[in-house]
Amino acid sequence: MATETQPPESESDQTPPDGNNSLRRYFRNIVDAPRDFGRSMIRHGRPTSDRARSQAIFTNLFLHIMPTRIHKYSLRIRATLGLGVITLVLFFLLTATGIPLMIYYKPSVEQAYDSMKEIQYVVPTGRFVRNVHRWAAHAMVACVMLHMARAFYTAAYKGARKFNWVIGMALFVMTLALSFTGYLLPWDQLAFWAVTIGSEIAQSPREVTDALGITSWCDVGGFQKQLILGANHVGQEALTRFYLLHVMVLPLATVALLAVHFWRIRKDGGLTRPDIEDRTTASAIGSPETRPARTYGLMAVVPGRTSAVNLNLTNTIPTWPNALYAIAALTMLTLAVTLACGYFFDAPLTEQANPTVPENPAKAPWYFLGLQELVSYSAFAGGVAIPAIVVIGLMLVPYLDRDPEDVGVWFAGKKGKKVTLLTAILATVTVIGMLVFTVNNGWLRNWYPDVPQIVITFVNPGTVLLVVFALWSLCVTKWTNSTRLGAIAVFTCFLVAFVILTYFATVHRGPNWDFYWSQADWPHH
Amino acid sequence: MSNDLHSSPRFQPPPERRDFLGLAAIWSAVVGLGVAALGAVRLPMPSVFPESNSRVKLGPVSRFKEVETTPVPEHRLWVYASDEGLYAISAVCTHLGCIVSKEEGKGFFCPCHGSRFDIDGKVVAGPAPKPLLHLLLSVSPDGQLVVDKQKEVGGDVRLQV
Ligand code: HEM
Ligand code: FES
């Protein structure tokens, strides 16, 4: 184990005060000051050997979240597609652009919109910084979803990594919450109406309590809405709350969760990799149950088994330079793309919020448009019940699918690829079929104008899809005798439904939420 | 191996009284923090809402009696005059809060997700879960029409004036 390095004493410190040459020493110190400063900051000199570089990783506060050596497989593109690191870079970029925006932004109903205009048209580089902040936010939502899909399809949620998947889901929710709270801040029409709709969705449990006749004493929906808005309408109270969440509460919570996320990656034995990569040494490390008992912890004798950190040194390479270069390359790539977007494309800013005239169509940000399509049939099912079931379902995945095989193997191998492809085709047909059907025939109320509201509330095209997906997943589990393939089936269904619904609501929904082939066909007003 | 460690003299089970005191300390800390957390969560729930005075004067009653419908966009409602009296219908869609527009002779229509309502505000199509709200009307001492934007009344209530 590396021992603590002592700071190498600088030359001048060692010179004995012989005679009266103190002035000479003084001037030499001036000349030497920059180098001495450097040495005092970074204790070891330039690390020239693998061992010294490992030590540098180990002793540096920021680098030591990484192991000194890393498994070769973890650096392959196919292991991670770099998505976690890209998401992290985007998070840092959002922090770096968000703080300068706070210098001019004023979170008040009277001034917010004007301060956005000021940032856009007056503040030097303001437009660029705002653009980058906006595009990086969209990119982060997209990348966090892709990262999640990567972790899912490589079965990175099994065994010791179960809990990190749950932390990941919390990060996913944080990312969406950050985007959504940021959406209100410009106080333009887009912002106002998207958040009005969002807060009404929070209130939609009233559909159920109304039907049961218990709203007067158990108004969950109203409580949620008032807690979010601090009022009955989107106004100053809501802006204050969203601002506080956006610039402080959510970023801090995200940083805390990220710390746990990264710490767990190491404690769980590094990134997922196929067993075959470790075959030579697998028996040497053993499973958590057969690993050697701990002897000493930091200061005391600790019961329990050792964690699987760096026990397996074969097939590993030094983190410096290998992983550091990979991370640097991903950082440069992410920055290049985002900054270029920020330079060439302006973030939208519509007219100032006007509570008496809704946008038509009033569309939520793209990642919520799939839900908005479902909400347009009934608010509670589409906006509360289905998203809750999906998020809780995803969180439970590691606890329902525990087969240990195929960890680290994309799509669980050949059979899994077939299941994924077949599921993707079936889900595409089902979702498109459902949309074509509802666009042509309408939904319940168009056929039976007198159906009770409770039926409308729960029987949403989304509910139908959910049931079909769940049944399909159970069938796959039964046919293939594998919970992993069942999980793949249901995840693929969700993914396909998300993509198609998002596309559909983005492109084919126009004024009055009517169907249009393209925006060119929208009526002019 | 770990059994060896546990059976060494340093690992004797602690006395039970200490167990009790330790547990008592931990649980009182948990209860204390829990109560504090509940208190902290109570704070963001306002007890008085900014728009708590939801009654607004709309203008002299006589003005509303003369015309069949008077739109009041700044308060998001319409005032209707019928033979039985005055009534007000809110323009806030009961689905997700967009503002409905009037289609002459047919009722109301919401641009956000296409809910339709008849002239009385009853849902005829779309996702809206309940009729447009009828709001409580009254007359102030100085002869002005007053609407309470948060008081819902039955669809057949009319203000006789
Ligand atoms: C703010 C959002 C997030 C950031 C910045 C982040 C970052 C990272 C990074 C840097 C890694 C290392 C591997 C890689 O680069 O892919 C990683 C691994 C992992 N992440 Fe995330 N992540 C986030 C959200 C999520 C989400 C939403 C999930 C899934 C629900 C998730 C699940 C995992 C899992 C299971 C691993 C371990 C992968 C393995 O062992 O192969 N993370 N994350
Ligand atoms: S808000 Fe009126 S239909 Fe959705």
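Structure above, values below:
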{"quantity": "Check on A:Arg150, modelled with pLDDT of 95 or more, open to solvent by 10 Å² or more (accessible area, probe 1.4 Å) and either under 26 Å from B:Ala128 (Cα atoms) or away from ligand 2 (no atom under 16 Å from the Cβ) (or both)", "calculated": "yes"}
{"quantity": "Criterion (at pLDDT 95 or above and of a type in the set (Gly, Ala, Ser)) met by exactly one of A:Gly433, A:Gly442, A:Gly416", "calculated": "A:Gly433"}
{"quantity": "Residue satisfying all of: in region A:395-408; at pLDDT 90 or above and more than 22 Å from the chain's Cα centre (by Cα); least open to solvent (accessible area, probe 1.4 Å) among these", "calculated": "A:Asp401"}
{"quantity": "Scan of region A:353-394 for residues that are more than 21 Å from the chain's Cα centre (by Cα) and among the aliphatic types (A, V, I, L, M), ordered by number", "calculated": "A:Ala353, A:Val357, A:Ala362, A:Leu374, A:Val375, A:Ala379, A:Ala381, A:Ala385"}
{"quantity": "Lone unmet requirement of (1) closer than 22 Å to A:Glu118 by Cβ; (2) more than 16 Å from ligand 2 (Cβ to nearest atom); (3) open to solvent by 30 Å² or more (accessible area, probe 1.4 Å) for A:Ser216", "calculated": "(1)"}
{"quantity": "Residues being free of Cβ contacts under 8 Å to residues at least 40 places away in the same chain and not hydroxyl-bearing (Ser, Thr, Tyr) - total across region A:463-498", "calculated": "11"}
{"quantity": "Subset tally (residues that are more than 9 Å from every other protein chain (Cβ to nearest Cβ) and at pLDDT 90 or above) for region B:81-91", "calculated": "5"}
{"quantity": "Hits in region A:462-509 (condition: under 22 Å from the mean Cα position of the chain (by Cα), within 16 Å of A:Ile389 (Cα to Cα) and open to solvent by 30 Å² or more (accessible area, probe 1.4 Å))", "calculated": "A:Val490, A:Phe494, A:Leu495, A:Phe498"}
{"quantity": "Condition met for A:Ala160 (touching an Asp or Glu at 6+ places or on another chain (Cβ under 6 Å), open to solvent by 20 Å² or more (accessible area, probe 1.4 Å), part of a helix (DSSP H, G or I) and away from ligand 2 (no atom under 16 Å from the Cβ))", "calculated": "yes"}
{"quantity": "Candidate set from region A:441-455 (those that are in contact with a strand residue (DSSP E or B) (Cβ under 9 Å, 6 or more places away or on another chain) and of a type outside the set (Lys, Arg)); member that is surrounded by the most Cβ atoms within 10 Å (Cβ to Cβ)", "calculated": "A:Gln453"}
{"quantity": "Pairs with Cβ under 9 Å, 6+ apart, first in region A:83-105 and within 14 Å of A:Ala329 (Cα to Cα), second of a type in the set (Lys, Arg) and part of a helix (DSSP H, G or I)", "calculated": "A:Leu83/A:Arg150; A:Gly84/A:Arg150"}
{"quantity": "Residue under evaluation B:Leu145, criteria (1) open to solvent by 50 Å² or more (accessible area, probe 1.4 Å); (2) more than 9 Å from every other protein chain (Cβ to nearest Cβ), criterion not met", "calculated": "(1)"}
{"quantity": "A:Ala202 outside any helix (DSSP H, G or I), open to solvent by less than 20 Å² (accessible area, probe 1.4 Å) and away from ligand 1 (no atom under 16 Å from the Cβ)", "calculated": "no"}
{"quantity": "Residue match in region A:45-53 (condition: assigned to a helix (DSSP H, G or I), in contact (Cβ under 8 Å) with a residue 60 or more places away in the chain, open to solvent by 30 Å² or more (accessible area, probe 1.4 Å) and not assigned by TED's automatic domain parsing to the domain that holds A:Leu146)", "calculated": "yes"}
{"quantity": "Residue within region B:116-125 that is out of contact with any strand residue (DSSP E or B) (no Cβ under 7 Å at 6 or more places or on another chain), within 14 Å of chain A (Cβ to nearest Cβ) and in contact (Cβ under 8 Å) with a residue 24 or more places away in the chain present", "calculated": "yes"}
{"quantity": "Elements of type strands (runs of 3 or more DSSP E) contained in region B:31-130, each with 2 or more residues being more than 16 Å from ligand 2 (Cβ to nearest atom)", "calculated": "B:55-60, B:69-72, B:77-81, B:86-90"}
{"quantity": "Residues that are within 14 Å of chain A (Cβ to nearest Cβ) and not basic (Lys, Arg), drawn from region B:148-161", "calculated": "B:Asp148, B:Gln150, B:Glu152"}
{"quantity": "Test: residue in region A:182-195 that is over 30 Å from A:Pro67 (Cβ atoms), open to solvent by less than 20 Å² (accessible area, probe 1.4 Å), in a helix (DSSP H, G or I) and polar (S, T, N, Q)", "calculated": "yes"}
{"quantity": "A:Leu229 within 11 Å of chain B (Cβ to nearest Cβ) and open to solvent by 60 Å² or more (accessible area, probe 1.4 Å)", "calculated": "no"}
{"quantity": "Answer from A:Leu252, A:Leu178, A:Leu245 - the residue that is open to solvent by less than 50 Å² (accessible area, probe 1.4 Å) and either away from ligand 1 (no atom under 16 Å from the Cβ) or assigned to a helix (DSSP H, G or I) (or both)", "calculated": "A:Leu178"}
{"quantity": "In region A:71-104, residue farthest from ligand 1 (Cβ to nearest atom) [restricted to those that are open to solvent by 20 Å² or more (accessible area, probe 1.4 Å) and outside any helix (DSSP H, G or I)]", "calculated": "A:Arg76"}
{"quantity": "Criterion violated by B:His95 - all others in (1) touching a helix residue (DSSP H, G or I) at 6+ places or on another chain (Cβ under 7 Å); (2) at pLDDT below 90; (3) crowded, with 18+ Cβ neighbours inside 10 Å satisfied", "calculated": "(2)"}
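Conditions (1) outside the structural domain of A:Met102 (by TED's automatic domain parsing); (2) modelled with pLDDT under 90, marked per residue:
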| residue | (1), (2) |
| --- | --- |
| A:Ala253 | no, no |
| A:Ile265 | no, no |
| A:Gly269 | no, yes |
| A:Asp275 | no, yes |
| A:Ala293 | yes, yes |
| A:Tyr296 | yes, yes |
| A:Ala300 | yes, yes |
| A:Pro303 | yes, yes |
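The values are calculated or read from the model by the stated rules, or taken from the named source; none is laboratory data. A quick note: this is a predicted structure, and the numbers were derived from the prediction, not measured. All Cβ positions, even for glycine, are placed from backbone atoms using ideal geometry, and neighbour counts span all protein chains on display. Just so you know, the surface numbers come from the protein's heavy atoms only, side chains and all, with ligands and any DNA or RNA stripped out. Shrake-Rupley method; radii C 1.70, N 1.55, O 1.52, S 1.80 Å.
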